[in-house]
Amino acid sequence: MKNRLRVLRAERQWSQQDLADRLDVSRQSVNAIETGKYDPSLPLAFRIADVFALTIEDIFLRDPEEQAAQ
Amino acid sequence: MKSALAKKPEARRYLLRIATAMVIYLGSLFAAEILIEDRGLSGAPAYVLAAVPGLSFAALFWIFARLIVEERDEFLRLLYVRQGMVATGLALTAAAVWGFLETYMPVPHVEAFWWPTIWCFGIGVGAIYNKVTMGAAGECM
């Protein structure tokens, strides 16, 4: 699953650690989500959306291949 | 730089529990060497004392399970589970392969307490596997 986390974080000039502190997770978690190595659970996705004051759909995007398969 | 593991309460509990289990393990091993090997302790007390170092490994598995349960960060929890799976796979595979080698081939006997020791080594291998595939080691070594 693709996401806009890195862009949204850069817009706010937050480091990965800044975002991690706001989400109460490790910096490694933020890095893994940003790089697409890990997809967050729904509760964490909602927390991320709350931190950026956006909806989950504004942050996380379905892979085109995944969408085409459905 | 202080590790994130050392800062979190669940991680501090993990380290304290590991240290306690290691003290019990080394203490009971030392006691068994002196009392059973050197002084000839026998009977039920000797059996109990001889079992304690092995039971320390049960503590180790319980401690690892508690770390997974108590960890609040879901990504780190995933890394710990992956480490445990790598370690379990390595240790049980090594035990099975060596068991058959001992059955059919003239290889030296390996004491059974080495298999859980290999599991502990496997936790380290799991951390490397996590680092390579997920970009983070998991901090649990």
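Annotations for the structure displayed:
- Ratio Rg/Rh, restricted to the protein assembly as shown and using Cα atoms, in which Rh is the Kirkwood radius: 1.13
- Listing B:73, A:39 from fewest to most neighbouring C-beta atoms within 10 Å gives A:39, B:73.
- Bridging of residue B:8 to lysines at a Cα separation below 22 Å is possible for B:131, once same-chain residues fewer than 8 apart are set aside.
- Area projected by the alpha carbon convex hull of the range B:73-141, averaged over all directions, nm²: 4.9 nm²
- Across q = 0.11, 0.15 Å⁻¹, the range B:1-71 modelled as identical point scatterers on its alpha-carbon atoms has Debye log10 I(q)/I(0) values of -0.38, -0.58, in the order of the q list.
- Most mobile of B:84, B:43, B:122 in a GNM of chain B (Cα contacts under 10 Å): B:43
- Sites listed here are trypsin sites (Lys or Arg not before Pro) in the range B:1-104 whose DSSP assignment is loop and whose Cβ has at most 12 other Cβ atoms within 10 Å: B:2, B:39, B:72.
- Column: log10 I(q)/I(0), Debye, Cα scatterers of chain A, q = 0.16, 0.17, 0.18, 0.22 Å⁻¹: -0.51, -0.57, -0.64, -0.94
- Here the ratio of the Cα radius of gyration of chain B to 2.2 N^0.38 Å is 1.23.
- Partners of residue A:2 within straight-line reach, counting aspartates and glutamates whose Cα lies under 20 Å from its Cα and excluding those fewer than 8 residues away in the same chain: A:11, A:34, A:39, A:50, A:57, A:58, A:63, A:65, A:66, B:74.
- By the count of neighbouring beta-carbon atoms within 10 Å, fewest first, B:35, B:26 end up ordered B:26, B:35.
Quick note: the coordinates plus some simple rules give every number you see, no bench work behind them. All figures in this text were calculated on a predicted structure; none of them were measured in a lab. FYI the Cβ positions are ideal-geometry reconstructions off the backbone, even for glycines, and counts take in every protein chain you see.
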